[in-house]
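Just below is one structure, and these are the notes that go with it.
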Amino acid sequence: MKTEPAADAAPRRPARSQRRPHKKYNRREALAGYLFISPWIIGFLVFMLGAMVYSLVISFSRYNLATNVAKPAGTTNYALLFDDPKVAASLANTLFYAVMAVPLEICVALGLALLLNQVGRGAGFFRTVYYLPKMTPSVATAAVFLLLLNGNTGAINQALRFFGITGPQWLIDPAWVKPSIVLMTLWGVSGTMVIFLAALKSVPKDLYEVAALDGAGPVRQFFSITVPMISGAIFFNVIVLTIAALQVFDQAYLLFWRDQTSTSPEASLFYGIYLFQQAFREFNFGFASAMAWVLFVLILLISLLQVRIGNKFVYYEGEKR
């Protein structure tokens with residue numbers, strides 16, 4: 001006679017043979033991921049990690065380049081950071097530049113991506129043309145912008161003069177120094193544009209069709225469909241561009257600091273520029289290393305804050321909220 005199982009009996013666990021394929025798949029997926037990123041991991045361990053640890057060591061010492069000897073100095077270098085007015089001024093310039101540049105880069109890159117997303121025939125040609133400025137070397141770009149931003153004979157001021165507007169002295173007036181660097185930065189915004197374009201291509205067309213049937217116009221569709229669906233790309237670009245803006249160096253150096261004999265405006269003294277001067281002109285490597293680690297901690301804190309705030313506004317497909 002068969003007995004009925006108890007109603008409160010515990011459910012049977014699946015056999016091991018049934019669970020193994022899922023685990024094997026996860027292991028293979030993880031292994032493939034590590035293999036793909038292994039060149040970066042190897043490069044980081046060989047070329048960067050050792051240099052980072054060594055810079056942390058000499059940030060607590062007085063390093064003599066001639067004798068290659070580092071004498072312990074405790075936290076003296078970090079204390080000197082608070083006594084040097086140029087450190088505070090360069091950090092303020094850098095933060096101001098980041099606040100100005102990052103939103104403009106996001107808006108310009110997204111606008112270009114929206115235009116390219118509407119192109120039918122010849123889309124590949126226009127994408128190539130828009131991406132070419134990213135391939136231009138920084139030195140060549142700086143040479144072009146030195147001509148464009150010349151306060152007297154520059155093409156930008158000549159165009160403004162045609163409309164009856166007196167253009168500013170971009171490279172001399174402290175109020176226009178940072179906007180001139182932002183303009184040069186926008187020249188290479190096509191890398192961000194490509195990421196936005198890929199995100200726009202992944203937005204389902206059905207959503208726009210349904211929204212159009214409900215009477216939603218282009219503006220409503222953009223803010224209700226496009227922005228939420230590409231919010232992950234926006235979030236990623238904001239973090240990457242912020243990190244890059246806090247490390248700005250080549251644009252300011254090529255426009256204002258390439259000539260050691262010239263006097264450059266203090267508004268163009270960014271944190272990376274002053275760090276470079278301390279390390280490779282004053283040969284104060286201990287102080288420069290301390291500056292580098294302060295910048296590392298600052299970028300880390302800002303990135304963590306962005307992640308904490310940004311995750312509340314990012315839509316991940318398939319995630320329940």
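Residues checked against (1) farther than 14 Å from V194 by Cβ; (2) in a helix (DSSP H, G or I); (3) of a type in the set (S, T, Y):
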{"site": "P103", "(1), (2), (3)": "yes, yes, no"}
{"site": "C107", "(1), (2), (3)": "yes, yes, no"}
{"site": "L115", "(1), (2), (3)": "no, yes, no"}
{"site": "T128", "(1), (2), (3)": "no, yes, yes"}
{"site": "K134", "(1), (2), (3)": "no, yes, no"}
{"site": "A142", "(1), (2), (3)": "yes, yes, no"}
{"site": "F145", "(1), (2), (3)": "yes, yes, no"}
{"site": "N157", "(1), (2), (3)": "yes, yes, no"}
{"site": "L160", "(1), (2), (3)": "yes, yes, no"}
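You will find that of V177, V210, V189, V240, the residue that is within 30 Å of L304 (Cβ to Cβ), among the β-branched types (V, I, T) and out of contact with any Asp or Glu (no Cβ under 6 Å at 6 or more places or on another chain) is V240 and no other. Restricted to the range 63-94, and to residues that are charged (D, E, K, R) and either in a loop (DSSP other than H, G, I, E, B) or not assigned by TED's automatic domain parsing to the domain that holds A245 (or both), which residue is nearest to the chain's Cα centre (by Cα)? Out of the qualifying residues, it is D84. Among the criteria (1) surrounded by 13 or more Cβ atoms within 10 Å (Cβ to Cβ); (2) assigned to a helix (DSSP H, G or I), the one V219 does not fulfil is (1).
Scanning the range 14-59 for residues that are charged (D, E, K, R) and modelled with pLDDT under 55, we see that the one that is surrounded by the fewest Cβ atoms within 10 Å (Cβ to Cβ) is R16. The residues in the range 77-99 that are out of contact with any Lys or Arg (no Cβ under 6 Å at 6 or more places or on another chain) and in contact (Cβ under 8 Å) with a residue 40 or more places away in the chain can be counted, and the count is 14.
If you check Y271 against the conditions, is it free of Cβ contacts under 8 Å to residues at least 60 places away in the same chain, hydroxyl-bearing (S, T, Y), assigned by TED's automatic domain parsing to the domain that holds L146 and surrounded by 17 or more Cβ atoms within 10 Å (Cβ to Cβ)? Considered against the rule, which asks whether it is free of Cβ contacts under 8 Å to residues at least 60 places away in the same chain, hydroxyl-bearing (S, T, Y), assigned by TED's automatic domain parsing to the domain that holds L146 and surrounded by 17 or more Cβ atoms within 10 Å (Cβ to Cβ), Y271 comes out as no. Can you run down the residue pairs with Cβ atoms below 6 Å, 6 or more apart or on separate chains, where the first is in the range 274-289 and farther than 15 Å from A88 by Cα and the partner is surrounded by fewer than 16 Cβ atoms within 10 Å (Cβ to Cβ)? Short answer, once both residue conditions are applied: F283/L65. Hey, any hits in the range 65-76 for a residue that's surrounded by fewer than 16 Cβ atoms within 10 Å (Cβ to Cβ), in contact with a Ser or Thr (Cβ under 7 Å, 6 or more places away or on another chain) and more than 22 Å from A252 (Cβ to Cβ)? Yes, there is a match, as at least one residue in the range 65-76 is surrounded by fewer than 16 Cβ atoms within 10 Å (Cβ to Cβ), in contact with a Ser or Thr (Cβ under 7 Å, 6 or more places away or on another chain) and more than 22 Å from A252 (Cβ to Cβ).
Inside the range 155-179, residues that are touching a helix residue (DSSP H, G or I) at 6+ places or on another chain (Cβ under 7 Å) and either in contact (Cβ under 8 Å) with a residue 24 or more places away in the chain or among the aliphatic types (A, V, I, L, M) (or both) make up a count of 6.
For the list (1) in a helix (DSSP H, G or I); (2) surrounded by 18 or more Cβ atoms within 10 Å (Cβ to Cβ); (3) of a type outside the set (A, V, I, L, M), I need the number of the one condition that W170 fails. Result: W170 fails condition (1) only. The sole residue among L56, L104 that is more than 29 Å from E282 (Cβ to Cβ), under 28 Å from the mean Cα position of the chain (by Cα) and not aromatic (F, W, Y) is L104.
The values are calculated or read from the model by the stated rules, or taken from the named source; none is laboratory data. All of these numbers come straight from a predicted model, not from anything done at the bench. A quick note on method: Cβ atoms are made from the backbone with ideal geometry, for glycine too, and the neighbour counts reach across all protein chains shown.
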